[in-house]
Structures are given as C-alpha cells and as structure tokens.
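Values in this text are rule-based calculations from the coordinates and carry no lab data. Keep in mind the model is a prediction, meaning the values are calculated, not measured. Here the Cβ positions follow ideal geometry from the backbone for every residue, glycine too, while neighbour counts run over all protein chains shown.
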Amino acid sequence: MIKVCLNGDRGQRDHPGVPITPVQVGVAAAEAVGAGAQAVHVHPRGVDGVESLAWVDIRAAVEAVRGTCPGVPVGVSTREGIVPEVAERVRLVGEWERGPDFASVNFHEVGAEWVADTLTSRGIGVEAGLFTLEAARRYLAWGGEVTRVLVEAIAGISPGVDGIAAAQAVLEVLGRDDVLVHGENGWAWPVLRWAQACGYDIRVGLEDMLSGPEGQPVKTNADLVSFL
C-alpha cells in the first residue's frame, strides 16, 4: 500500500508545491492518487494557514479529498505540535464527527493513549505512530484496536545511526510485520526503498521529502509518487 503524505508541518516557503488550502489539498490528493497512491494523509490548516485540530478545518480538508478522490481512505494528524496541551487536544478531537477514516497518534507523546481512546470513541481509526522503542512498548501496553501501525524513522528522535537501523530496532520490539514503514528528510528515501524491498506498506510525499531519490527536483506530491 502506498500512502501519500501531502504536507505535514511544511509550508510553501519549504516547497511551492505544498498544499495548504482545502482546494489545494483536494487537487494534490487527486494528482497523487492518479499517480498510484492508495491512501491520503494530510495536516489540515485553518484560514490562517496554520495546522489545526478544529473540526471545521478537519472537515474542510477531509471533504476536499473526498470530493476529488471518492472512496480513497483519508487520514489526519493529531501531533502534539499542533495543540501542545493534551487536555485541549483531546477536547478538540472529541468534537470530530466521522469525517477522517483514521488519524495518526504519536505514541512517544504525552497523552497518546487518551487521544487514541478518544478517536476510537468517535468511530475514527487510529494509526499508531512509533518513533522510538519506548513508543512501541507503550503502544503494545495500550493494546487498543488500530487501523495501521506506522514505524517512523525520524533522525534525532528514533534510535540508530541511520533510518533503516532505526526502523529495524522498532520492528524488533513490535514483533509484527503488517506495518507501514517510512522515514523523513535525509532518511526518507533510503528507508522507503528498504521498506519497499521488504514488502512493507510505504509512505511518500512532501511531508517526508522535497526531492526525488537522487535529488531530482519535483513540483508536486504526484511527482514523488511517480518514482515508486
């Protein structure tokens, strides 16, 4: 399975192809799906262009993707950088209706289990994001139902000297192979190619990388998908 990650916390100063508005998100999603993506991950923005967990902004982004990519699963982020205070984050997530198919929860963050339980109570699938060995252990201890497990190799957070070693370390703790594996920035392409060769689900998009595997310039998320 190939999931496209359209924007993350990046802006158009990072890359002009990063979609921000709902219209841009819908267009970018359709292009990426046309290039081969089978699921969409997006960080919705408010009218000010800043990442948001407010239902009005979640709904706008999800409906934009659904409008251009009917039937394609779409998910969003709950990362603590969007709303650092966990009680407020849970309050906002608790206001979501059954809009996104799933939402990612980073299990190294404070209150991850609370956020995940809130999503489940709203009928929204959980993607368990595992950056570290401790996050994998917390996820296993939580034991809730998930749509997907994400093994995420993030330099400076994940263990190991490179992305592949970091992913392997988390996978060893996890003890399962039905996962999506990805990296970010300098680790993104090496981890993606390794994960692809191993048969894991993968993720690609301007959230994770801003150029092709050999540094080729890209204009859109679809360009990145086309390298697979």
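Listed options for Cα extents along the principal axes in Å are (i) 51, 32, 31; (ii) 42, 40, 30; (iii) 48, 43, 32. The value calculated from this structure is the one marked (ii).
If you look at the Cα atoms of region 116-211, you get an Rg and a Dmax of 13.2, 39 Å. Between residue 23 and residue 177, the C-beta separation translates, for a Förster distance of 35 Å, into a calculated FRET efficiency of about 0.35.
Evaluated with a Cβ-only charge set (Lys, Arg +1; Asp, Glu -1), the chain carries a dipole of roughly 300 debye about its Cα centre, given to the nearest 20. Applying 1/(1 + (r/R0)^6) with R0 = 30 Å to the Cβ-Cβ distance of residue 121 and residue 161 gives a FRET efficiency near 0.15. Residues within the reach of a label modelled at residue 137 (point 7 angstrom out along Cα to beta-carbon, backbone nitrogen below 14 Å), restricted to region 92-121, are 108.
Taken about its Cα centre, region 44-151 carries a charge dipole of about 240 debye when Lys and Arg each add +1 at the Cβ and Asp and Glu each add -1 at the Cβ. Quick query: amide H of residue 125 versus all other amide H atoms, modeled in the peptide plane; which residues come in under 5 Å with a sequence gap of 5 or more or a different chain? Answer set, sorted by chain and number: 102, 103. Starting from a Cα-only point model with no solvent, please compute log10 I(q)/I(0) by Debye for region 1-94 at q = 0.23 1/Å. Scattering profile of region 1-94, log10 relative to I(0): -1.16.
Applied to region 179-184, the Karplus parametrisation 6.51 cos²θ - 1.76 cosθ + 1.60 on θ = phi - 60° returns per-residue 3J(HN,Hα) values of 9, 9, 10, 8, x, 10 Hz, with x for Gly and Pro. In order along region 160-166, phi translates into HN-Hα couplings of x, 8, 8, x, 5, 4, 5 Hz, rounded to whole numbers, per the Karplus curve 6.51 cos²θ - 1.76 cosθ + 1.60 with θ = phi - 60° and x for Gly and Pro. Each residue of region 135-148 is assigned a 3J(HN,Hα), and the resulting list reads 4, 5, 5, 5, 4, 5, 5, 5, x, x, 6, 10, 6, 6 Hz, derived from the Karplus form 6.51 cos²θ - 1.76 cosθ + 1.60 (θ = phi - 60°), x at Gly and Pro. Think of the chain as having a plus end and a minus end, set by charges on the Cβ of Lys, Arg, Asp and Glu; of 183, 102, 165, 102 sits farthest toward the positive end of this dipole.
Go through 139-151, 183-195, 45-57 and give me the packing order, highest mean Cβ count within 10 Å leading.
Put in order of decreasing packing, that is 183-195, 139-151, 45-57.
How big, in percent, is the set of alpha carbon pairs in region 95-151 lying more than 15 Å apart?
Looking at region 95-151, the distances longer than 15 Å represent 37 percent of pairs.
Amide H to amide H, with H built 1.01 Å from N, residue 14 comes under 5 Å of no residue 5 or more places away or on another chain. Annotation: amide H of residue 7 within the under-5 Å range of 43, 207, sequence separation 5 or more or interchain, hydrogens built in the peptide plane.
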